[in-house]
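Each remark here refers to the structure printed beneath this line.
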Amino acid sequence: MAHLVTLIPGDGIGPEVSDAARRVVEATGAEIEWIVEEAGAAVLEREGSPLPPRVLEQIRRTRVALKGPITTPVGSGFRSVNVELRHELDLFAAVRPSRSLPGVPTRHAGVDLVVIRENTEDLYQGIEFERGTPEAAALRAELHRLAGAELRDDAGITVKPISVTGARRIVRFAFAYVPANGRRTITLGHKANIMRFSDGLFLSIGQEEAASHPDVPFDEMQIDQLSMRLVRGPEIFDVLLLPNLYGDILSDLCAGLVGGLGLASGANLGWEYAVFEPVHGSAPDIAGKGLANPVAMILSAAMMLRHLGEHARADAVEAAVDAVLLEGKIRTADLGGSSKTDEVAAAVADRLVLGGVPRPERLQ
Ligand code: NAD
């Protein structure tokens, strides 16, 4: 039976990299029925919402989605579709692998780590008070009453909640992820010495779970020190377990360690739904020119294939990406080449070695 997958092409370079990923997945012969749903800026203009209910309904029906990046205009009141999706579908875990890829010159070789980021709480929960509003004034007064805090009257305020429930499920997810995916250790990043009741709570839940998983080596590190250590010697790290904001920042840092955003794949997972998407955004500076590197999106699609139980096809896609990068003839401008997005997709599809998996007719 065909797998049902909602495909959200997204904005900017989204449609270009989505086409490339779809092409590669189809070349593996995986039986997928794609349900294409538009979301983002153009849909906002047409339908009044960047994430119409039908898109969410479709993902709830198919349970799995492959998504291109979607633009979030800064300070427009247009809440990020990405944040909204994660909240609506309770996609509490972002999983973002970064590994050194053959033929991609970087400062460090032998990087192979995974960021597991809590996706629903922290400063990204969306509890914000604009400076100068009556709500901000009321909150300032309440904070003064409760905590003796003296906030300036021109302060904007964003709230950072981290709950036992939210922390425990992501920590448990990480401890289950390690043995299930052949990983070794967990390093939890925090700033618990300053933010005792949010980061401190995240850390204490991590330590509690670690005590009941003696089989998984566990370490914790302050986020500033972790950032420095990652830049100096990322090879020693394996799984990084992080609250939302640090997870967002360090996933881009880790992408940079292995060659940039054009290569960094990701998944947003909950107990019921899974949305696969690259770490990068809609890259308006290069959109519509065929310049985008589709590898991040193709590797996100490989993660999706694995989630669907198509392990051999997922392995084949990753191996084909490695082969194309190692060969070095076909690569996009971000990697120093001059190939177009669709040329990379064609090269990866061409290099698929499917072993025991039935090949699609046109490749036989
Ligand atoms: P970005 O990731 O879009 O771009 C940062 C830089 O990396 C740009 O120079 C861009 O050209 C380059 N880049 C990104 N992906 C690339 C690729 N595949 N190939 C080659 N170069 C690539 O980040 P940004 O400019 O901060 O964000 C642009 C928009 O995307 C914003 O509206 C942001 O909110 C949104 N965004 C969406 C998501 C998502 O949908 N999950 C994630 C991040 C950012």
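The values are calculated or read from the model by the stated rules, or taken from the named source; none is laboratory data. Given the structure is predicted, the values throughout are model-derived calculations rather than measurements. Ideal geometry is used to build each Cβ from the backbone, glycine not excepted, and the neighbour counts take in all protein chains shown. Accessible surface areas use protein heavy atoms only, side chains included; no ligands, DNA or RNA. Shrake-Rupley method; radii C 1.70, N 1.55, O 1.52, S 1.80 Å.
From the Cα gyration tensor of segment 1-76, with a ≥ b ≥ c the square roots of its eigenvalues, which class applies: rounded if a/c is under 1.5, or else prolate if a/b is larger than b/c, or else oblate?
Numbers: a/c = 3.10, a/b = 1.57, b/c = 1.97.
Note, shape of segment 1-76 comes out oblate.
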When DSSP assigns beta bridges and you keep just the ones with both residues in the chain, what percent turn out antiparallel, to the nearest 5?
40 percent
Below 20 Å, Cα to Cα, which aspartates and glutamates can LYS329 reach? Residues fewer than 8 away in the same chain don't count.
GLU318, ASP342, GLU343, ASP350
Quickly rank 313-325, 294-306, 207-219 as a protection proxy: mean count of other C-beta atoms within 10 Å, highest first.
294-306, 313-325, 207-219
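How large, in percent, is the carbon and sulfur part of the accessible surface of the chain at a probe radius of 1.4 Å?
Numbers: 8590 of 16410 Å².
Using a 1.4 Å probe with all protein chains present, the chain comes out at 52 percent carbon and sulfur.
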Take every Cα pair under 8 Å in segment 1-129 that's 6+ residues apart, average their separations, divide by the length, and report that relative contact order as a whole percent.
24 percent
List the lysines whose alpha-carbon lies under 16 Å from that of LYS289, not counting same-chain residues fewer than 8 positions away?
LYS340
Segment 143-286 accessible area per residue, 1.4 Å probe, protein heavy atoms, integer Å², reads 46 Å²
Give me the angle, in degrees from 0 to 90, between the Cα long axis of helix 341-350 and the longest principal axis of the Cα atoms of the chain, rounded to the nearest 10.
60 degrees
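Subtracting the Cα-Cα distance from 0.36 nm times the residue separation, let me have the gained length for LYS289 to THR133 in nm, one decimal. Spell out each step's value before the answer.
Working: separation 156, 0.36 × 156 = 56.16 nm, distance 4.23 nm.
Extending this stretch completely gives an extra 51.9 nm.
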Checking ARG86, ARG60, ARG140 against a Gaussian network model of the chain (alpha-carbon springs below 10 Å), the top fluctuating residue turns out to be ARG140
GluC sites (Glu not before Pro) in segment 86-147 lying in a DSSP loop, each with at most 12 other Cβ atoms within 10 Å of its Cβ, come to GLU130
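If you take the square roots of the eigenvalues of the alpha-carbon gyration tensor of segment 216-319 and sort them as a ≥ b ≥ c, do you get rounded (a/c under 1.5), prolate (a/b over b/c) or oblate?
Details: a/c = 1.81, a/b = 1.26, b/c = 1.43.
It comes out oblate by the Cα gyration axes.
Out of the chymotrypsin sites (Phe, Trp or Tyr not before Pro) in segment 257-364, which ones are loop residues according to DSSP with at most 13 other C-beta atoms within 10 Å?
Details: sites: TRP271, TYR273, PHE276; in loops: TRP271, TYR273.
Here the sparse-neighbourhood loop sites are TRP271.
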Measure nothing fancy, just the Cα-based angle from helix 223-232's long axis to the longest principal axis of the chain, in degrees from 0 to 90, nearest 10.
30 degrees
Cα long-axis angle, helix 199-211 against the chain (0 to 90 degrees, to the nearest 10):
60 degrees
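At 1.4 Å probe radius, can you tell me the per residue accessible area of segment 1-59 in Å²?
Values: 2470 Å² over 59 residues.
Result: 42 Å² per residue.
Kindly identify the chain as rounded, prolate or oblate by the Cα gyration tensor criterion: order the square roots of the eigenvalues as a ≥ b ≥ c, call it rounded if a/c is under 1.5, otherwise compare a/b with b/c, prolate if a/b is larger, else oblate.
Values: a/c = 1.79, a/b = 1.40, b/c = 1.28.
Prolate is the answer for the chain, as a/c is 1.5 or above and a/b outweighs b/c.
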So which GluC sites (Glu not before Pro) in segment 216-275 are both in a DSSP loop and have at most 15 other Cβ atoms within 10 Å of their Cβ?
GLU272
